[in-house]
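The structure appears below as C-alpha cells.
Each value in this text was obtained by applying a stated rule to the coordinates, not by laboratory testing. None of these values were measured; they are calculated from a predicted model. Using ideal geometry, Cβ is built from the backbone for each residue, glycine included, and neighbour counts are taken over all protein chains shown.
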Amino acid sequence: MSAFRRRKVRSSKTLGQRFKAARIRKKFKLEEVEDATKIRLRYLKAMEEDDYRKLPSDVYLSGFLANYAEYLGLPPREILEQYKTERRTVTKLTQGKSFRATGELRELGYAITPRTLIIIIIIIGVLCLFGYIGWQVERFSSPPPVEVMAPTTDVTNANSTVVRGRTAETAEVSINGQKISVDSDGVFVQEVGLKRGVNAIEIKATNRIGKATTKTIKIFADITVPASPAGQP
C-alpha cells in the first residue's frame, strides 16, 4: 500500500477576505474587534480590504496579523505566511509597472501650447463679438426707454409747465404730437402750455424701426380767471 503524502491546499481567498469572512461568521463588529485587540479601526479595515498602503511597517503589522487571527480563531502562523506571499506578489507587480508613460500623458493632457492659447483667445473673441451683436440687436429692436424728470408735481397754478426727460439718444420724441429735439445724452426739454383743469401730456419716443414707448402725465392747472370789469358782460 502506497503512502499518501499530505499536501497543503492554498486558500483561494485573500488574507483580507479570510479575515472579513471569519469576523462576519462570528458576528463581530469592527468596533468590538478594536476594543478587544487594541488594533485601531483604520488598520482593521485596511487588513480586510488588502490595502497594504494604509498598514504600518512589517514590525508592527506582524503583531497585528497574529493578534487578529488568534482573536478570530484562525491559525496565526498560516496567516503570517499568506501575508508574506501576498506582499511579495504585490511588490513584484508594483515594481513591474512603468509610471513614465502615465506621467508623460498627464503632462501632455494639461500642457498649454501657443496654438492652444491662440484658439482660446479666438473663441473668447468670437463669443464677445456675438454677445455685442446680440446686445446691439436687442437695443435697437426694443422700444426706447422714457424717463420723465419734470414736472415733479401734478398740480400747478401756472399756465405752462416744462417737460424734461431722457430717452435713447437715437430716438425721436414728440410731446402731444409735436416733435422736439433730443441731445447727445438723450435728454429732451419742452415747455407745454396748460389750460384750466386737467391737462394730459403725451410723451412718445420712437426708435429707428418704429418701436415706440408712450408715457402720459396729467397735470391739474388751477389757473385763476381774472374778474370782468364792472358793467362789462
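Computed values, structure above
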{"quantity": "Point-to-point label distance, Leu80-Ile112, nm (Cα→Cβ direction, 7 Å offset)", "calculated": "5.7 nm"}
{"quantity": "Euclidean distance of C-alpha centroids, region 155-219 and region 66-88, integer Å", "calculated": "95 Å"}
{"quantity": "Gain in span if fully extended, Thr14 to Thr170, counting 0.36 nm per residue against the direct Cα distance", "calculated": "48.0 nm"}
{"quantity": "Summed side-chain charge close to Ser62 - residues other than Ser62 whose Cβ falls under 12 Å, Lys, Arg +1, Asp, Glu -1", "calculated": "+1"}
{"quantity": "Qualifying aspartates and glutamates (Cα of each under 13 Å from Cα of Lys84; at least 8 residues distant if same chain)", "calculated": "Asp50, Asp58"}
{"quantity": "Protection proxy ranking of 151-161, 56-66 - average other beta-carbon atoms within 10 Å, highest first", "calculated": "56-66, 151-161"}
{"quantity": "Among 182-193, 207-218, the order from most to least packed when residues are scored by Cβ within 10 Å on average", "calculated": "182-193, 207-218"}
{"quantity": "Ranked list, fewest to most other Cβ atoms within 10 Å of each Cβ, for Tyr83, Tyr52", "calculated": "Tyr52, Tyr83"}
{"quantity": "Fewest-first ranking of Lys13, Lys204, using other Cβ atoms within 10 Å as the exposure measure", "calculated": "Lys13, Lys204"}
{"quantity": "Proxy reagent accessibility, fewest Cβ within 10 Å first, across Met149, Met47", "calculated": "Met149, Met47"}
{"quantity": "Gain upon complete extension [Ile133, Lys211; 0.36 nm per residue less C-alpha separation]", "calculated": "26.2 nm"}
